[in-house]
Amino acid sequence: MKILVLGATGGTGRLIVSDAVAKGHSVVALVRSTAGADLPGAELIEGDARNETTLGRAMDDCEAVISALGTGIGFRKVSLLTEATGALVSAMTRSGVRRIVCISALGVGDSRGHGGFVFDRLFQPLLLSQAYKDKNRQEAAIRASSLDWVIVRPGMLIDAPAQGSVRAVIDLTTINGGKIARADVAPFVVDQLTTNTWLRRTPVILW
């Protein structure tokens, strides 16, 4: 399958590209700059992920899109995900590409309040408030579309060796925070390209 990956140079994005290539997918990575973008096996296209025309060109002949775009910690209002997702949904609809797998986060949408006491009461409201508003808008745009979507909500991302297993849940009754390695998130995300297990659902994934 030929796929477009956004956010491919990030910590999780690089692992997604590597896993997708290893599984035999043809990968196109839209990057802000090709200089220093070391993504073996991927075709690199330079451009702005918020530009609908650029996105349409990048997804030429693609069958699916993975978005691993993210924003950092801070107090300033951010809108990268909102703008990029709006353009992406339009470009996909125009191009006839239907499958999108998007990485969001535990604490977004109806998973709010399940990140653990410190995260929910301190970290999210003080340091991630603007970023999570952006993620909420991103999720809303995808859910409102007619696309075949899967929104993956990882727990706290850590740089650690993969354990090779992921706990994916929709019922959050017993969920109160948790973590997962980027190395386990990547293969789970790539697998969503070819399975309908979580189609139009928002699984939280943890160890």
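Pick from region 82-124 the residues that are farther than 18 Å from W198 by Cβ and of a type in the set (V, I, T): which of them is surrounded by the most Cβ atoms within 10 Å (Cβ to Cβ)? Don't jump to the end; show me each part of the working.
Here is the first cut: in region 82-124, the ones farther than 18 Å from W198 by Cβ are 82-97, 107, 112-113, 115-124.
From what is left, the residues that are of a type in the set (V, I, T) are 82, 85, 89, 93, 97, 118.
Working: T82: 19, T85: 26, V89: 22, T93: 13, V97: 24, V118: 10.
The qualifying residue surrounded by the most Cβ atoms within 10 Å (Cβ to Cβ) is T85.
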Worksheet item: Would you pick out the residues in region 151-202 that are closer than 25 Å to I3 by Cα, of a type in the set (A, V, I, L, M, F, W, C) and in a loop (DSSP other than H, G, I, E, B)?
Response: A162, V166, L193, W198, L199
Discussion item. With the requirement that a residue be surrounded by 17 or more Cβ atoms within 10 Å (Cβ to Cβ), farther than 24 Å from F188 by Cα and either acidic (D, E) or within 17 Å of the chain's Cα centre (by Cα) (or both), what does region 39-51 give you?
Written reply: R50
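Check V5, V27 and return the single one that is under 30 Å from P125 (Cα atoms) and surrounded by 14 or more Cβ atoms within 10 Å (Cβ to Cβ).
Being under 30 Å from P125 (Cα atoms) and surrounded by 14 or more Cβ atoms within 10 Å (Cβ to Cβ) holds for just one of V5, V27, which is V5.
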Worksheet item: Restricted to region 136-158, and to residues that are out of contact with any helix residue (DSSP H, G or I) (no Cβ under 6 Å at 6 or more places or on another chain) and not aliphatic (A, V, I, L, M), which residue is nearest to G74 (Cα to Cα)?
Response: N136
Worksheet item: Any residue at all in region 94-109 that is more than 12 Å from the chain's Cα centre (by Cα), closer than 30 Å to V169 by Cβ, among the hydroxyl-bearing types (S, T, Y) and not in a loop (DSSP other than H, G, I, E, B)?
Response: no
Fill in: Positions within region 53-64 being over 22 Å from S18 (Cα atoms) and either modelled with pLDDT under 95 or buried (at least 17 other Cβ atoms within 10 Å of the Cβ) (or both), in sequence order
T54, G56
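The values are calculated or read from the model by the stated rules, or taken from the named source; none is laboratory data. Keep in mind the model is a prediction, meaning the values are calculated, not measured. As a convention, Cβ positions derive from the backbone with ideal geometry for all residues, glycine included, and neighbour counts pool all protein chains shown.
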